[in-house]
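Worksheet: one structure, shown below.
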Amino acid sequence: MAPFLGALAVFALIIVGIILFNVFGSDTTTPGDQVAKAAVGQNDALQRQDFAKYQTFTCRAGQGSEADFVARQRDSVTKNGERYLDDVTDITVDGERASATVTYHFDKTKDTKTPTRVTFAQEDGAWKVCPS
């Protein structure tokens, strides 16, 4: 009976720890984390062809119209396959502007990684991907 009660106590401590972390854990993220989140969010919105989400992660100057957004994405998928984001590195934040190297690959060329320098800006209190 003692081993069972010991295991139950350890399990209970783990659950309590998880709850405490979720309640009192830090919601603070660094600007670099927020920049990476913008890159990932924009790519996800592209793949889902979700223009509303795309607008959330893209500077106003780079949004265009929903019809153009859908047409460009469908054309890209037809030619290259889905685009996957592999990594966001070399993040540099300077005030309300930032840049990072975002590495992608496409479904039809899985072994070809495409690192691209991407520009970001803070708009409406959030980091967004901007056209260079």
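Observations, loosely collected:
- Residue satisfying all of: in the stretch 57-75; in contact (Cβ under 8 Å) with a residue 24 or more places away in the chain and either in contact with a Ser or Thr (Cβ under 9 Å, 6 or more places away or on another chain) or not hydrophobic (A, V, I, L, M, F, W, C) (or both); farthest from Asp107 (Cα to Cα) among these: Arg60
- Within the stretch 96-132, the residues that satisfy the criterion of being free of Cβ contacts under 8 Å to residues at least 60 places away in the same chain and either in contact with a helix residue (DSSP H, G or I) (Cβ under 8 Å, 6 or more places away or on another chain) or open to solvent by less than 60 Å² (accessible area, probe 1.4 Å) (or both) are Ser99, Thr101, Thr103, His105, Phe106, Asp107, Lys108, Thr109, Thr114, Thr116, Thr119.
- Residue satisfying condition, being touching a strand residue (DSSP E or B) at 6+ places or on another chain (Cβ under 9 Å), among the hydrophobic types (A, V, I, L, M, F, W, C) and under 15 Å from Gln47 (Cα atoms), within set Phe120, Phe106: Phe106
- Only one of the listed residues (Ala61, Ala39) is among the aliphatic types (A, V, I, L, M) and under 14 Å from Thr116 (Cβ atoms). That residue is Ala39.
The values are calculated or read from the model by the stated rules, or taken from the named source; none is laboratory data. All values reported here derive from a predicted model rather than from experimental measurement. Neighbour counts run over all protein chains shown; Cβ positions are idealised from the backbone, glycine included. Accessible surface areas use protein heavy atoms only, side chains included; no ligands, DNA or RNA. Shrake-Rupley method; radii C 1.70, N 1.55, O 1.52, S 1.80 Å.
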